[in-house]
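Peer 1: Input: one structure, supplied below.
The values are calculated or read from the model by the stated rules, or taken from the named source; none is laboratory data. The structure presented is a predicted model; accordingly, all values stated were derived computationally and were not measured. For neighbour counting, all protein chains shown are included, and Cβ atoms are generated from backbone atoms with ideal geometry for every residue, glycine included.
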């Protein structure tokens, strides 16, 4: 009985590894976090207004990066028909920290 269990365990392991090997699809992820600063600078500037401006810019920036127009320009710059990955843009709540994340499948299996 122990040998049967061991043989079944080995067969299941081989089948699972073979399945994963055949269906494996490599991809890469690139991300960057940066800040958005306001260009308003003066001796009498109001910090609240500057923060509101930066927060509004940070909220608008993800929509620009996810837009179809931006993706078309990006694809043209790389000489492609379309962007082969997904672009995610996220703003941390109540901050000017912005995270840009791009995920795409690797088309060349030799990599």
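Peer 1: Take the range 54-63 and flag every residue that is surrounded by 11 or more Cβ atoms within 10 Å (Cβ to Cβ), free of Cβ contacts under 8 Å to residues at least 40 places away in the same chain and under 19 Å from the mean Cα position of the chain (by Cα).
Peer 2: 59, 60, 61, 62
Peer 1: Could you tell me how many of the residues in the range 58-85 are at pLDDT 85 or above and over 16 Å from residue 104 (Cβ atoms)?
Peer 2: 3
Peer 1: Please identify the pairs in which a residue from the range 67-86 that is surrounded by 10 or more Cβ atoms within 10 Å (Cβ to Cβ) has its Cβ atom under 6 Å from the Cβ atom of a residue that is part of a strand (DSSP E or B), counting only partners at least 6 apart or on another chain.
Peer 2: 84/104; 85/102; 85/103; 85/104; 86/103
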